[in-house]
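The values are calculated or read from the model by the stated rules, or taken from the named source; none is laboratory data. On a predicted model such as this, the values are computed, not experimentally measured, just so you know. All Cβ positions, even for glycine, are placed from backbone atoms using ideal geometry, and neighbour counts span all protein chains on display. The area values use the complete protein model at the heavy-atom level, side chains included, leaving out ligands, DNA and RNA. Shrake-Rupley method; radii C 1.70, N 1.55, O 1.52, S 1.80 Å.
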Amino acid sequence: MDERRQPERGESCRQRSRAVLAWSLLAAGALIVSSMLIVSREWGTGLGLVIALAPVLPFVGMFFALRRSMALLDEMQRKMQLEALALCVVLASVICVVVGQLQKLGIASELDLSMGWVAIAGSYIAAYLLVKARYR
Amino acid sequence: MSDWIWQEATRAVENRIRALRGERGWSQGELAKQLRVSRQTVNAIETGRYDPSLPLAFKVARLFEQRIEDIFEDRADEAREEDG
């Protein structure tokens, strides 16, 4: 087993998971606020770009928090993540296909592409719960 | 709950970890700490829902001071027959 996967400075897996959750919530909030600001009025190109791309920063924070969190996972937890991601890809693909087809029929309205993370996050949560039940 | 998705095959590896742990009076959490894995992983190994990697199996064997084959039993042939 890789000794480097142990918590450093007393930091636990739970603490790192909380950091991931905090960054995720911050990213989601930033994306929503940014989207609302963009449509609220006409911005100049420079300021518009800053507002539009500002949510990328918390997503970068989320990436590093996730990387730190994954470093503490043991072999079974890593396998669980892999299986959850595999299921997530399938679930998110199904959602995209269904929404796309409904849009062609005019049943579903045009969706904001930047909100695709809702489908991905929802699919991942559902997939992880299924995988967790498998190893319980 | 999720068995309809995974289509689990019959267990190919049995182990005596729960019994060995019981003999020493260790909780799953204590064993997990010594193996540097999560309690959930220890539980999954004991219940046969997860087969450990070879390095982890060797670590278990070293911890219990037993040979690996005395802890883990290969039932692959029987499992194949049961699965048809």
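General remarks:
- Only Lys, Arg (+1) and Asp, Glu (-1) charged, at Cβ; segment B:14-83 dipole about Cα centre in debye: 700
- Low-density loop positions, GluC sites (Glu not before Pro), segment A:30-136 - DSSP coil, at most 11 other Cβ in 10 Å: A:42, A:110
- In the context of the full protein assembly, residue A:70 retains an accessible surface of approximately 80 Å², using a probe radius of 1.4 Å and ignoring ligands and nucleic acids.
- Sorted from longest to shortest, the spans of the Cα atoms of segment B:14-83 along the three principal axes equal 37, 23, 22 Å.
- Cα→Cβ-extended label distance, 7 Å offset, between residue B:18 and residue A:14, nm: 2.6
- Residue ranking by accessible heavy-atom surface, 1.4 Å probe, largest first, among A:45, B:41 comes out as A:45, B:41.
- Theoretical ellipticity at 222 nm over chain A - DSSP helices of four or more residues, -39500 (n - 2.57) apiece, nearest 500: -26000 deg cm²/dmol
- Cα-based radius of gyration for chain A, normalised by 2.2 N^0.38 Å, reads 1.29.
- Area of residue A:56 that stays accessible when all protein chains are in place (1.4 Å probe, Å², to 10): 80
- Chain A: relative contact order as a whole-number percent, Cα under 8 Å and 6+ apart: 27
- Buried area at the A-B interface (accessible, heavy atoms, 1.4 Å probe, summed, Å²): 1800
- Look at the stretch B:38-46: the mean tally of other chain Cβ atoms within 10 Å of its residues' Cβ atoms is 4.
- In straight-distance terms, cross-link reach from residue A:79 covers every one of the lysines whose alpha-carbon lies under 20 Å from its own, apart from those fewer than eight places away in the same chain; here that gives A:132, B:33, B:59.
- Shielding of B:49-55 by partner chains, average beta-carbon count, 10 Å: 3
- Exposure rank, largest accessible area first [B:70, B:77; 1.4 Å]: B:77, B:70
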